[in-house]
Amino acid sequence: MKIVKYLILTLTFICSAVTIQAESYLSHTMRTTILVSDPEHTLDLISSWADESGGYYLYRSVNRIVIRVQSKDIGKLRSYLEEISEAILDISIETEDLRERLVALRSGIKSREEILQKNLSYLDRTDVKGTLAIEQEIKSLLGEIEGLKGQLRNLEVNRKFATGEVNLNFMEETLPVDITSSFEWINSIDFYRFIEEGF
């Protein structure tokens with residue numbers, strides 16, 4: 001029985017260690033410019049792909065879209081853009097390790113919450129003047145804590161979702177430009193009419 005318990009505890013420890021090692025603290029941003037023939041249709045495709053992949057789009061204009069996708073799918077985004085575009089003209093991927101910033105924010109929140117609790121415990125033991133001063137300090141601490149928590153939530157989102165900034169260059173289909181010939185008799189011929197009449 002002791003051996004079974006030992007094995008269970010060992011397996012639990014190993015699984016926990018694997019989970020910790022697999023947890024990513026990296027934030028990814030892809031910036032790219034692609035060549036397309038139909039910008040509106042391409043924007044619709046990218047937006048739908050982000051939604052189907054568990055992400056969403058943040059911004060969209062006539063020639064640019066910014067999407068968020070799960071960090072594990074950033075490579076799939078590149079492959080998809082290669083599939084739906086005429087060519088990828090430019091691409092860059094930036095990676096930032098958020099570990100230090102996350103630790104600093106969590107530490108800052110914890111230290112301010114400890115100070116807040118101490119100030120709250122002083123309220124019943126001070127006079128009116130002291131109470132007003134403590135209330136001002138509490139108000140300031142609450143503002144700082146909320147600000148830090150907001151930053152922490154933002155980093156947690158950046159850790160889970162990569163950012164894709166896609167700019168579109170599009171090809172315009174135009175009629176060939178007329179080129180003047182050095183022979184005047186050629187310039188006088190209406191080639192479209194010439195072709196329609198069967199030479």
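Listed here are the residues, each with its yes/no results for (1) in contact with a Ser or Thr (Cβ under 9 Å, 6 or more places away or on another chain); (2) more than 29 Å from E23 (Cβ to Cβ); (3) touching a residue at least 40 places away in the same chain (Cβ under 8 Å).
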| residue | (1), (2), (3) |
| --- | --- |
| E100 | no, no, no |
| L105 | no, no, yes |
| T126 | no, yes, no |
| E135 | no, yes, no |
Residue list for region 119-138, filter: surrounded by 12 or more Cβ atoms within 10 Å (Cβ to Cβ) and either modelled with pLDDT under 90 or not hydrophobic (A, V, I, L, M, F, W, C) (or both): N119, L120, Y122, L123, T126, G130, T131, A133, I134, E135, E137
query: Tally time: how many residues in region 50-64 are touching a Lys or Arg at 6+ places or on another chain (Cβ under 9 Å) and either part of a helix (DSSP H, G or I) or not hydroxyl-bearing (S, T, Y) (or both)?
result: 3
task: Give the number of residues within region 65-103 that are outside any loop (DSSP other than H, G, I, E, B) and more than 28 Å from L152 (Cα to Cα).
output: 12
field: Criterion: at pLDDT 95 or above and out of contact with any Leu (no Cβ under 9 Å at 6 or more places or on another chain) - qualifying residue of G143, G164
entry: G143
task: Run S71 past the list (1) modelled with pLDDT of 95 or more; (2) surrounded by 15 or more Cβ atoms within 10 Å (Cβ to Cβ); (3) not basic (K, R) and report the number of the one that doesn't hold.
output: (1)
query: How many of the residues in region 82-105 are farther than 17 Å from S24 by Cβ and charged (D, E, K, R)?
result: 4
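The values are calculated or read from the model by the stated rules, or taken from the named source; none is laboratory data. All values derive from a computational prediction rather than experimental measurement. Because the Cβ atoms are built from the backbone with ideal geometry, glycine has one as well, and the counts that use them run over all protein chains shown.
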